[in-house]
Amino acid sequence: MLADMAGSATRHMVAIGLGTAVAPLDSAVNIAFPAITQGLGLTIGDIQWVVISYVLTYASLMLVFGRLGDRLGHATIFRIGLIWSAAALVLCSLAPSFTGLLLCRILQGVGTALVLSCGAALTTGLYAEDRRSRVLGVYVMMMAVGATLGPWLGGALVEAWGWPAVFWFRAPIALAALLLLRGLPTSPVRPAAGRFDIAGAALLTSALVALLLALNHLGEPIALPLGVAALGLFAGFVRQEARSAAPMLDLAVFRRPGFVRLNVANVLTNLAGFAVWLLVPYFLVRATGFGLAANGAVLAAASAGTIIASPIGGRLIGRISAELLALAGALLAGIGLLLIGSWDRDVSALALIGALTVQGIGLGLFQIAYTDIVTAAMPRRDRGVAGSLALMTRTLGTVGAATLVLLLFQSLEPAAGFVVAFQRTFQLAAALPFAMAALLALPRRRAGAAL
C-alpha cells in the first residue's frame, strides 16, 4: 500500500509511524505484568493502576493537545511529545517503588497524549483528501505493528533484563523518530478565532478524570460523588463550549445522525477487547508451559490481526460503506472473544493464535471504519481534535476494562477457579461487541439516529 504513495510523503509517514509506535509498544508492559507483580510485591488487583495511571492521563489530555495542535501546528506538538516520552520512559525504568512507577507512568501519559493527539492529523495532512481512508488504514497498521512487536520484545527483554527494560527500550526509538522527522513540512498554524479555551480544557480534563476514577471505584462509596462531579463538570463543559468563540470541541458534530451511537459503540467494543491484554498474559503464564518470549509471541497475534485488517479496511472503504465495515468488525471481534472464552489448560498453540487473530481482525476493521467516520465528520482544520476524539473514546473503553473486567474476573475466581473464571469473563465480554453490532444495525427510525 505504501508503494503507490509519493516518495517524500511516504518517508515522512514512516517517520511519523516510528514516533507513534512508542505508544502502542506499551503492549510490552502487559506481558511484564506478572514480573512487575512479583518484583514490587503486588496483587493482580494492584496491577490495574499501572494501566489506569497511564491511560487516564493521556485519555484526559488528548483532546486538549489535539486542539493545541490544530492551533500551533501538529508537527510541533508531536515533536514535544517525543522528547517528553523519551524522558518519562527512562524515569519509569528507574522507578524504585510502586508509587514511583505510578508517578512516572503519569508523566509517560502526558507524552503519549502529545504524540497521539497529532499523529493521525500529520499523516492525513501529507496526502490529498481523497486518499484519507487508505492513509488512515496505513496509520492504524503502523500502530498495530508497534502493539504486535511489544509483547514479543517485552517477553525477551523481561527474561534478559527484568521488567524495567519494557520501558527504557523505547526511549531510543522516540529520539530516533525525532531525528528522522527533519524535513517534515510544518503544518500551517490555524488562525485563532479567539483565545484558546482554557476553561473548556480544564472542565473537560477534570470531567474525564472524575468519570474514569468513578469507574475505577465502582461499588465503593466514593464512586457516587465522583460520578456526580463528572456529570456536573461535563455540564459545565457543554455550557462553556456553547458560549466560547473558539471552543475546544464543536458540539454540533454530536447532532450528526448516529454520531453519539458510534462513539458509544467504540467505547464498549474496546472495553471488551482490552480484556485480552489484561487477562490473557496471566492465562499464558498459569495455564500453558510456554516461556515468556513464547507467551509474548502468542499475545502478539491479537495485534497481528489488526495489521492484517488495516490495509484491507482502508481499501474497502469506498467500495462498501464505513458503517457496514464497522458492523462486520464488531461481529468478528465478538466471535474472537467467544473463542478465547473456550480455552482450557489443554488448548493448543494454534487455537490460541487463531482466536486472538480473529479478535484482532475484527477490532482492526471496526477501528478503521470508526476513525474514518469521525475524521470525515469534522473539517480538515480540526483533524487534531478528530484524531484525539477517536483515540479518547477508545481509551475510555480501555480504562473501563481495567476496572470492570477485573471486578468481574475477581468476583468469579474464588468459587470457580482461575480457568473457569477466565472463560466466563470472556464469554460475557463477547456480548458487548455483539450488542454493539446489533445497535449499529438498527434502522434509522428505530434508533433515533443513523450511522
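The values are calculated or read from the model by the stated rules, or taken from the named source; none is laboratory data. Note that the coordinates shown come from a computational prediction; the quantities given were computed from them, not determined experimentally. Methodologically, a virtual Cβ is constructed for each residue, glycine included, from the backbone with ideal geometry; neighbour enumeration extends over all protein chains shown.
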Conditions (1) crowded, with 23+ Cβ neighbours inside 10 Å; (2) under 21 Å from VAL209 (Cβ atoms) -> VAL110 fails only (1)
Output for Cβ contacts, cut-off 7 Å, separation at least six or different chains, first residue in contact (Cβ under 8 Å) with a residue 12 or more places away in the chain in segment 11-40, second outside any helix (DSSP H, G or I) and charged (D, E, K, R), reads VAL22/ARG170; LEU25/ARG170
Considering residues that are surrounded by fewer than 24 Cβ atoms within 10 Å (Cβ to Cβ) and modelled with pLDDT of 80 or more, the number found within segment 115-129 is 0
Note on segment 135-185: residues within 24 Å of ALA293 (Cα to Cα) and in contact with an Asp or Glu (Cβ under 7 Å, 6 or more places away or on another chain) are GLY150
The condition from (1) among the small types (Gly, Ala, Ser); (2) under 26 Å from ILE47 (Cα atoms); (3) modelled with pLDDT of 90 or more that GLY362 misses is numbered (2)
For segment 37-50, state whether one or more residues are farther than 15 Å from LEU101 by Cα, at pLDDT 80 or above and either in contact with a Ser or Thr (Cβ under 7 Å, 6 or more places away or on another chain) or not basic (Lys, Arg) (or both).
no
Would you confirm whether any residue within segment 63-77 is without any contact (Cβ under 8 Å) to a residue 24 or more places away in the chain and of a type in the set (Asp, Glu)?
no
Exactly one of GLY45, GLY73 is on the phi > 0 side of the Ramachandran plot and not hydroxyl-bearing (Ser, Thr, Tyr), and that residue is GLY73
Filter segment 51-86 for residues that are within 21 Å of SER97 (Cβ to Cβ) and in contact with a Lys or Arg (Cβ under 7 Å, 6 or more places away or on another chain); the one that is modelled with the highest pLDDT is TYR54
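Every residue in segment 214-251 that is closer than 27 Å to ASP70 by Cβ and either among the charged types (D, E, K, R) or modelled with pLDDT under 80 (or both), please.
ARG239, GLU241, ALA242, ARG243, SER244, ALA245, ALA246, PRO247, MET248, LEU249, ASP250, LEU251 - these are the residues of segment 214-251 that are closer than 27 Å to ASP70 by Cβ and either among the charged types (D, E, K, R) or modelled with pLDDT under 80 (or both).
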